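Have a look at the structure below, then the notes.
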Amino acid sequence: MGLLDHLSLGHQPPTYYKKKHYTFGKMLGSGTFGEVYQASRIKDQLSVAVKVIRKSLLNGDPTLVYKEIQVMQDIHHENIVELYDWFESRNSFYLVFSLATGGELFERISQLGRFSEQDAVQVMRTVFEAVAYLHSCNIVHRDLKPENLLYKDKSPGSPLVIADFGIAKTMRNEEDVLTTVCGSYGYVAPEIMRRRGYGKPVDLWSLGIITFTVLCGYSPYYYCEDSQQMLAAMERHDVIFDKRYWWGVSEGAKDFIRGLLHPDPTRRPTIAEALAHPWLRGDTALDNDLLPDVIEQSKSQKTFQRAVKKVRMLNRLRKLSISSDESDETSGANTPKTQNNNGNRQSGSSGGASNTASSAKSMDSFVSAVENITKP
């Protein structure tokens, strides 16, 4: 290594040398903490996605980044984005993921010439099987939503993958209770909104919302004017299947969704039970073309969708607060294992300060922001 290389690496973290292994291309998107870039791994020209997280936006606490890395390092599934590598500079973290350029789930559906309930079964079974893998690893995603379901490429047979594990959590055991208020508005289970302890069933709730929306193009609680009305409807188990838009959908699908959206998490199916349901096995699905109604209702939701995009900086509550009830999420995390230049495993302390903001106030602020923007 020459003098200029030494100067450029001066005072950089030990893993910074990895940056030279990639050539960076266009920006694919941006969010609260930074940007995502398309890049190429020099040794084999593999196209990858690099999430660049700015340390200045972490309030001095890199815990969430370390936890995302720790979760992702143990995940290897064809329908889940893979973390290939990570490194850091003085100013940023760099997370190198498998690239998904085929667009979001609903973008792909809207481009199809035909979309039936049978097609929906194929799509959703892929997602449920991926979540089953996560739950077998005691991982709760906590942010399942259509925006996080991506196609790897634009080919008709492209695999669908689950992305964004920024607030995923590994449970210590089946009895472990999570308490952090987090998730995305409209997909959060009622027990999270009530700030009660929760676990894997919150992912089943989110999958129920997604399944409902895939089949009709709108949210089951679109009519609710505020979060209180929405929570009340959830807890009454009000799941309304408007005949105007559900005429071509089987009773098996409706039964499946009702189970997933049960307000009592102990009465929701487990992921294994969901996979065994006749509808998700394809036994009851009809072949009527649902696409015209799905597109029509999706268009009618555009005002809401635009509003949600305006508050994407807020709809990740983990970016606003971390509940003090989960001590392992607030007391700092160990630096994830990585390879140093000699190929040896190394770890260290994050040294980050705990975020002491109130999670309850964060939920109220988040919901209020969404409601204010979406009001006509």
Inset, instruction - Counting other beta carbons within 10 Å of each Cβ, put 41, 267, 281 in order, fewest first. - result: 267, 281, 41
Legend entry - Built amide H within the under 5 Å cut-off of residue 28, gap 5+: 36, 37, 38
Legend entry - Phi to ³J(HN,Hα) by Karplus 6.51 cos²θ - 1.76 cosθ + 1.60 over region 272-289, Hz, x for Gly, Pro: 5, 5, 4, 5, 8, 5, x, 5, 6, 7, x, 6, 10, 5, 8, 10, 5, 6
Legend entry - Rounded Å value of the spacing that divides the Cα centres of region 137-156 and region 208-277: 20 Å
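Among 215, 207, which comes first, then next, by fewest other beta-carbon atoms within 10 Å?
Working: 215 27, 207 24.
Ascending number of Cβ neighbours within 10 Å: 207, 215.
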Legend entry - Label-to-label distance, nm, for residues given as residue 222 and residue 247 (7 Å Cα→Cβ offset): 1.6 nm
Inset, instruction - Could you work out the local net charge near residue 125, counting Lys and Arg as +1, Asp and Glu as -1, over the other residues with Cβ closer than 13 Å to its Cβ? - result: -3
Inset, instruction - Work out from phi, with θ = phi - 60° and the Karplus expression 6.51 cos²θ - 1.76 cosθ + 1.60, the ³J(HN,Hα) of each residue of region 172-178, listed in order in whole Hz, and give x for Gly and Pro. - result: 5, 7, 5, 8, 4, 10, 9
Inset, instruction - Would you tally the net charge around residue 232, using a Cβ to Cβ cut-off of less than 14 Å, leaving residue 232 out, and scoring K and R as +1, D and E as -1? - result: -2
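Neighbour counts of other C-beta atoms within 10 Å: give me 123, 161, 177 arranged from fewest to most. The partial results should precede the final answer.
Working: 123 18, 161 23, 177 11.
So the residues, fewest neighbours to most, are 177, 123, 161.
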Inset, instruction - Search the structure for amide H atoms under 5 Å from the amide H of residue 288, placed 1.01 Å from N in the peptide plane, and list their residues when 5 or more places away or on another chain. - result: 117
Legend entry - Distant-in-sequence amide H partners of residue 153 (H built 1.01 Å from N, under 5 Å): 101, 102
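Can you list which of the trypsin sites (Lys or Arg not before Pro) found in region 156-253 are DSSP loop residues with at most 10 other C-beta atoms within 10 Å? Before the final figure, lay out each step's value.
Working: sites: 169, 172, 194, 195, 196, 236, 243, 244; in loops: 172, 194, 195, 196, 236.
For trypsin sites (Lys or Arg not before Pro) across region 156-253 that sit outside H, G, I, E and B with at most 10 neighbouring Cβ atoms in 10 Å, the list reads 172, 236.
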Legend entry - Neighbour net charge for residue 92 - beta-carbon separation under 13 angstrom, K R +1, D E -1: +4
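All of the numbers you see were taken from the coordinates with simple rules; none came from a lab. Note that this is a predicted model, so its numbers are computed, not measured. Cβ coordinates were reconstructed from backbone atoms using ideal geometry, including for glycine residues, and neighbour counts include every protein chain displayed.
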